[in-house]
Amino acid sequence: MNILIWHVHGSWTTTFVQGPHTCLVPVTPDRGPDGLGRARTWRWPDRVREVSPEDLRRSDIDLMVLQRPHEVELAHAWTGRRPGADVPAVYVEHNSPHGTAVDTRHPLAGRDDIPVVHVTHFNRLMWDTGRAPATVIEHGIVDPGALWTGEEPRAAVVVNEPVRRGRTTGTDLLPAFSRAAPLDVFGMRTDGLAGHLGLPSDRCRTWDLPQSDLHPAMARRRLYLHPVRWTSLGLSLLEAMFLGMPVVALDTTEVREAVPDGAGVVSNRPDVLDEAIRAFLADHGHARRVGEGARAAAVARYGVQRFLDDWDHLMKEVTR
């Protein structure tokens with residue numbers, strides 16, 4: 001099939017484009033949010049084609065994969081065809097509700113011609129999707145390999161814009177965690193985080209690395225710390241597990257499903273999490289064994305082929 005899909009979420013799209021279909025990715029001269037084109041820091045196959053808005057009107061499109069509310073109108077404007085009416089369409093909801101689960105209705109809740117695809121069962125439960133058909137296709141991860149060495153006795157954290165996102169991503173919890181282990185925080189716009197939190201620079205180092213360097217850098221840290229309160233299931237958490245890193249995480253959203261016993265420590269009690277962090281720092285062998293369990297669990301549940309098979313099944317249903 002020819003699938004229209006915007007480059008919105010680089011890590012997720014990297015897995016999606018591994019399938020056998022031709023993906024038409026809009027590109028604009030400024031490569032802004034609606035026209036990023038092909039990824040520059042991930043490896044995408046040649047069947048991912050950049051298409052200008054002008055060329056989209058002449059392109060054969062079998063399915064539209066939408067990911068942001070305004071793409072419903074944008075797709076119509078750029079292709080001349082209405083998603084869900086003239087061309088089959090699905091809407092991938094990457095996030096948990098920004099408001100309360102009780103009061104937040106999904107932007108597509110009032111229509112029944114575009115299925116909403118959630119990335120976790122937790123998200124499906126929390127969103128009110130109204131009339132829209134809702135389903136779940138869990139994440140798939142392109143396996144980076146068992147790269148963990150744990151040679152640096154530090155905790156890796158991956159979060160973009162930790163200062164702006166604050167309590168959502170558990171940024172306010174980092175000072176307490178830094179007493180259990182020095183932190184290396186990876187992500188975009190992390191500069192100045194230590195100063196913002198009032199931490200010495202050696203207890204909270206920050207790194208903004210290209211994707212090709214991120215996984216090897218994470219894998220040199222002893223453990224992965226996931227302090228997130230309220231976002232969807234972080235792909236960085238799953239990537240850390242694929243690397244073979246032991247995980248210490250808050251017991252929020254879908255984390256308990258993703259991190260079974262033997263793959264790490266999941267709790268909402270700070271003392272339990274601190275004890276787990278200190279135990280991994282003190283015993284490299286213990287960290288290695290738990291990291292092996294994390295990798296085994298992630299490979300079994302979040303493999304690429306299962307993800308692609310689930311998507312192919314849904315696409316056949318939507319387009320038949």
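Considering VAL272, VAL299, which residue is part of a helix (DSSP H, G or I), within 19 Å of the chain's Cα centre (by Cα) and β-branched (Val, Ile, Thr)?
Going through VAL272, VAL299 in turn, the sole match is VAL299.
With more than 28 Å from ASP274 (Cα to Cα), open to solvent by less than 30 Å² (accessible area, probe 1.4 Å), of a type in the set (A, V, I, L, M) and at pLDDT 95 or above as the only criterion, which of VAL157, VAL116 stands out?
None of the others qualify; the one that does is VAL116.
Can you name every residue in segment 162-201 that is of a type in the set (Asp, Glu) and modelled with pLDDT under 95?
Answer for segment 162-201, where residues must be of a type in the set (Asp, Glu) and modelled with pLDDT under 95: just ASP191.
ALA75 versus (1) small (Gly, Ala, Ser); (2) in a loop (DSSP other than H, G, I, E, B); (3) surrounded by 15 or more Cβ atoms within 10 Å (Cβ to Cβ): which is the lone unmet condition?
(2)
Please find, among ARG131, ARG111, the residue that is exposed (fewer than 14 other Cβ atoms within 10 Å of the Cβ), assigned to a loop (DSSP other than H, G, I, E, B) and modelled with pLDDT of 95 or more.
ARG131
Of all residues being assigned to a loop (DSSP other than H, G, I, E, B) and hydroxyl-bearing (Ser, Thr, Tyr) in segment 207-252, which is modelled with the highest pLDDT? Just the residue, please.
Taking the candidates together, the pick is THR252.
Within segment 180-187, is even one residue open to solvent by less than 30 Å² (accessible area, probe 1.4 Å), assigned to a loop (DSSP other than H, G, I, E, B) and among the hydrophobic types (A, V, I, L, M, F, W, C)?
So far as segment 180-187 goes, yes, one or more of its residues are open to solvent by less than 30 Å² (accessible area, probe 1.4 Å), assigned to a loop (DSSP other than H, G, I, E, B) and among the hydrophobic types (A, V, I, L, M, F, W, C).
Just to verify a result, which residue in segment 29-72, among those that are of a type in the set (Val, Ile, Thr) and open to solvent by less than 10 Å² (accessible area, probe 1.4 Å), is nearest to PRO210 (Cα to Cα)?
VAL48
Out of curiosity, is THR22 more than 22 Å from the chain's Cα centre (by Cα), within 23 Å of PRO107 (Cβ to Cβ), at pLDDT 95 or above and not aromatic (Phe, Trp, Tyr)?
In short, no.
Could you figure out which of (1) within 25 Å of PRO144 (Cβ to Cβ); (2) surrounded by fewer than 17 Cβ atoms within 10 Å (Cβ to Cβ) isn't true of THR14?
(2)
The values are calculated or read from the model by the stated rules, or taken from the named source; none is laboratory data. A quick note: this is a predicted structure, and the numbers were derived from the prediction, not measured. So basically every Cβ, Gly included, is an ideal-geometry build from the backbone, and we count neighbours across all protein chains shown. Surface accessibility is based on the protein's heavy atoms, side chains included, excluding ligands, DNA and RNA. Shrake-Rupley method; radii C 1.70, N 1.55, O 1.52, S 1.80 Å.
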